[in-house]
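Trainee: Got a structure for you, written out below as structure tokens; questions coming shortly.
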Amino acid sequence: MEDSTRTFWNTLGGRLPPHLAHRGEEIARVVAHALERRVPPAEVEHIARELPEDLRYLVPRARTAAEEKRKGRGAEHWNDDQFLERVRSEAGLDDRREAEQATVSVFAAFRQILSDEESVHVMNQLPRGIRALWGATAQFPTREDLPPSAAP
């Protein structure tokens, strides 16, 4: 496992609320899929190029991005409510708060391994509400915040 892959999973595991931590890979796939549908195909290619090989499965649309560009397909035009509802529904999360926690956690993991330039570029491709999620830090207790007896 590459160092950046380990950084991604460690960041995600450290930021997800404890009751969602065991679903990290599933949540990462759902949030990444929503992100790749929300940004233009060219941006999906840029993200994939910066990911280590063993994380590229999170953005499978990168393989078809050139074809999508050629056919004139762009990004889905979801606002933050629509984005979070998609994450909530596809990941089977209880409510918007859990979807927001999951999204912020996955976005933080991506920011840890993407270059600063690419991270800013992704952020600039997003509408205001989703952009705020991309740049957010965890606003909920992480495992490190819990007393040892409460940690999973």
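No value in this document is a laboratory result; all are computed from the given coordinates. What you see is a predicted model; the values in this text were computed from it and never measured. With ideal geometry, Cβ positions are generated from the backbone for all residues, glycine too; neighbour counts draw on all protein chains shown.
Trainee: On average over all directions, what projected area in square nanometres does the range 3-139 have, based on the convex hull of its Cα atoms?
Mentor: That works out to 7.5 nm².
Trainee: Hey, with R₀ at 22 Å, roughly what FRET efficiency would SER115 and TYR57 work out to, going by the Cβ-Cβ distance, to 0.05?
Mentor: Working from the Cβ atoms, E equals 0.60.
Trainee: Roughly how far apart, in whole Å, are the Cα centres of the range 1-25 and the range 79-118?
Mentor: Going from one Cα centre to the other spans 13 Å.
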